[in-house]
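> Have a look at the structure that comes next, please.
The values are calculated or read from the model by the stated rules, or taken from the named source; none is laboratory data. A quick note: this is a predicted structure, and the numbers were derived from the prediction, not measured. Neighbour counts are summed over all protein chains in view; Cβ atoms, including those assigned to glycine, are modelled from backbone coordinates with ideal geometry.
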Amino acid sequence: MYSLARAILFKLDPETSHHVSLDWLGALERLKLLGGFASKRINNPVEVMGLTFPNPVGLAAGLDKNGDYFNALGSLGFGFVEIGTITPLAQAGNPKPRLFRLTEQQAIINRMGFNNKGVKHLVEQVKKKRRFEGILGINIGKNKLTPDENALDDYIHCLDAAYDYADYITVNISSPNTPGLRSLQFGEALNILLAGIKRRQGELAQSRDRYVPIAVKIAPDMTDEELTETANTLLAQGIDAVIATNTTISREGVEGSAFEQEAGGLSGVPVRDKSTHAIKVLSQVLAGKMPIIGVGGISSAHDAAEKIKAGASLVQLYSGFIYQGPALVREAAKGCLEAQVG
């Protein structure tokens, strides 16, 4: 059924298609009619960050920025769903067009710019409407107009708002579409940011009597030395997991595409090897002291298995899910299971 739906959706502008498909899914889920699109979830529980994930396949942040559709998306077989990126204040994001399909390469370029309705809206959606029984992550960022030196304030604002409603929280410091954001991944800026977030996490854990793990999402464009330095900083600051990786600013693998020169982050098949390499480097440095969530270019069971074998404990889908639909969730879960057994 998805191949027919995709044929229709891909005739639309990518951003229009995005909203239409989510509206369809939401309506079908509320009417309990998603059976024709979704296979039964593969149960393969894994313990990561002190949480029990029903299976190791998740949906990456960015598809459901506002928490409007996570129940429907979660019913497609995912063990976990990550919503956001959310910011303290609602913002429109970058001017349109800002989303491009590179169909031949099974890739997407986006420069959305953290368009979202604000953290208050997302929290209300989760608070009132959660039916999804898997693990729910909330991905947080900073507003575009917030100066880099005040970034911690935005992350703390979102952490405070989301803490009671998330199973884990992801700190996004790796989107290429918010000016200056990626500079937070390095050196003293990273230390200051993470120290402040961990301090607030500790205060919230004590006052709420509930520990909510924090993951940090990094870019695929670091050198091995930068990956090593970042991994050591994450360990030193007591971060609970690392997500590798976000979209790339590289255009390797899409040379000659009509959209090659479009600004934004590239996701999909062309980022697969970069992501897997980053996971391998992180795995060597972290040596089992911190779990890795692998994301980037997964479009088959083999790709998912490759991420697990490289050192990831969990994987996330995004662009492959757009191109292949819900069947990929089950295929990826099978790949993870085979990799664990092997």
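> Filter the range 158-205 down to the residues that are under 20 Å from residue 112 (Cα atoms) and more than 17 Å from the chain's Cα centre (by Cα) and list them by number.
Passing the criteria: 179, 180, 183, 184.
> Only one of 66, 143, 139, 94 is farther than 22 Å from residue 267 by Cα and not hydrophobic (A, V, I, L, M, F, W, C). Can you tell me which? Give the derivation first.
Details: 66 fails: farther than 22 Å from residue 267 by Cα; 139 fails: farther than 22 Å from residue 267 by Cα; 94 fails: farther than 22 Å from residue 267 by Cα.
When all the criteria are applied, what remains is 143.
> Within the bounds of the range 59-70, is there any residue that is surrounded by fewer than 19 Cβ atoms within 10 Å (Cβ to Cβ) and in a strand (DSSP E or B)?
no
> While we're here: Give the range 238-256 a look and list any residue that's of a type outside the set (A, V, I, L, M) and crowded, with 19+ Cβ neighbours inside 10 Å, or say none.
Start the filter on the range 238-256 by keeping residues that are of a type outside the set (A, V, I, L, M), which leaves 238, 240, 245-248, 250-253, 255-256.
Hits for the range 238-256 are 240, 245, 246, 247, 248, 253.
> Looking for something part of a loop (DSSP other than H, G, I, E, B), under 25 Å from residue 222 (Cβ atoms) and modelled with pLDDT of 95 or more - is there at least one such residue anywhere in the range 151-173? Steps first, answer last, please.
Of all residues in the range 151-173, those part of a loop (DSSP other than H, G, I, E, B) come to 166-167, 173.
With the extra rule that they be under 25 Å from residue 222 (Cβ atoms), the set shrinks to 173.
Going one step further and asking which of them are modelled with pLDDT of 95 or more, we end up with 173.
Within the range 151-173, one or more residues are part of a loop (DSSP other than H, G, I, E, B), under 25 Å from residue 222 (Cβ atoms) and modelled with pLDDT of 95 or more.
> Given the options 286, 328, 314, name the one that is more than 25 Å from residue 101 (Cα to Cα), at pLDDT 95 or above and under 18 Å from the mean Cα position of the chain (by Cα). Working first, answer last.
Working: 286 fails: under 18 Å from the mean Cα position of the chain (by Cα); 328 fails: more than 25 Å from residue 101 (Cα to Cα).
On inspection, the qualifying residue turns out to be 314.
> State the number of residues belonging to the range 272-326 that are under 18 Å from residue 57 (Cβ atoms) and in contact (Cβ under 8 Å) with a residue 40 or more places away in the chain. Lay out the reasoning, then the answer.
So the first thing to find is which residues in the range 272-326 are under 18 Å from residue 57 (Cβ atoms), and the list is 272, 275-276, 279, 291-326.
So of that shortlist, the ones also in contact (Cβ under 8 Å) with a residue 40 or more places away in the chain come out as 275, 291-296, 299, 304, 308, 312-326.
Within the range 272-326, residues that are under 18 Å from residue 57 (Cβ atoms) and in contact (Cβ under 8 Å) with a residue 40 or more places away in the chain number 25.
> Would you check if there is a residue in the range 33-42 being out of contact with any Lys or Arg (no Cβ under 7 Å at 6 or more places or on another chain), more than 28 Å from residue 161 (Cα to Cα), among the hydroxyl-bearing types (Ser, Thr, Tyr) and touching a residue at least 24 places away in the same chain (Cβ under 8 Å)? Break it down stepwise before answering.
To start, the set of residues in the range 33-42 that are out of contact with any Lys or Arg (no Cβ under 7 Å at 6 or more places or on another chain) comprises 33-38, 40-41.
Keeping just the survivors that are more than 28 Å from residue 161 (Cα to Cα) gives 33-38, 40-41.
Then drop every residue that is not among the hydroxyl-bearing types (Ser, Thr, Tyr), which leaves none.
Within the range 33-42 (the criterion being out of contact with any Lys or Arg (no Cβ under 7 Å at 6 or more places or on another chain), more than 28 Å from residue 161 (Cα to Cα), among the hydroxyl-bearing types (Ser, Thr, Tyr) and touching a residue at least 24 places away in the same chain (Cβ under 8 Å)), the answer is no, since none of the residues qualifies.
> Can you tell which of 52, 103 is more than 23 Å from residue 312 (Cβ to Cβ) and among the hydroxyl-bearing types (Ser, Thr, Tyr)?
Working: 52 fails: more than 23 Å from residue 312 (Cβ to Cβ).
Exactly one residue qualifies, and that residue is 103.
> Look at residue 104 and say whether it is farther than 30 Å from residue 76 by Cα, more than 17 Å from the chain's Cα centre (by Cα), acidic (Asp, Glu) and assigned to a helix (DSSP H, G or I). Spell out how you get there, then give the answer.
Details: farther than 30 Å from residue 76 by Cα: no; more than 17 Å from the chain's Cα centre (by Cα): yes; acidic (Asp, Glu): yes; assigned to a helix (DSSP H, G or I): yes.
So residue 104 fails the test.
> State yes or no: is residue 307 charged (D, E, K, R), at pLDDT 95 or above and either surrounded by fewer than 19 Cβ atoms within 10 Å (Cβ to Cβ) or touching a Phe, Trp or Tyr at 6+ places or on another chain (Cβ under 6 Å) (or both)?
no
> Which number in (1) among the aliphatic types (A, V, I, L, M); (2) out of contact with any helix residue (DSSP H, G or I) (no Cβ under 6 Å at 6 or more places or on another chain); (3) farther than 28 Å from residue 187 by Cα; (4) buried (at least 18 other Cβ atoms within 10 Å of the Cβ) marks the one condition that residue 327 misses?
(4)
> So in the range 71-97, with the set limited to residues that are hydroxyl-bearing (Ser, Thr, Tyr) and more than 13 Å from the chain's Cα centre (by Cα), which one is surrounded by the most Cβ atoms within 10 Å (Cβ to Cβ)? Walk me through how you get there before you give the answer.
Here is the first cut: in the range 71-97, the residues hydroxyl-bearing (Ser, Thr, Tyr) are 75, 85, 87.
Then keep just the ones that are more than 13 Å from the chain's Cα centre (by Cα); that gives 75, 87.
Working: 75: 23, 87: 28.
Filtering the range 71-97 for residues that are hydroxyl-bearing (Ser, Thr, Tyr) and more than 13 Å from the chain's Cα centre (by Cα), the one surrounded by the most Cβ atoms within 10 Å (Cβ to Cβ) comes out as 87.
> Also: If you take the residues in the range 122-150 that are touching a Leu at 6+ places or on another chain (Cβ under 8 Å) and assigned to a helix (DSSP H, G or I), which one is nearest to residue 199 (Cα to Cα)?
148
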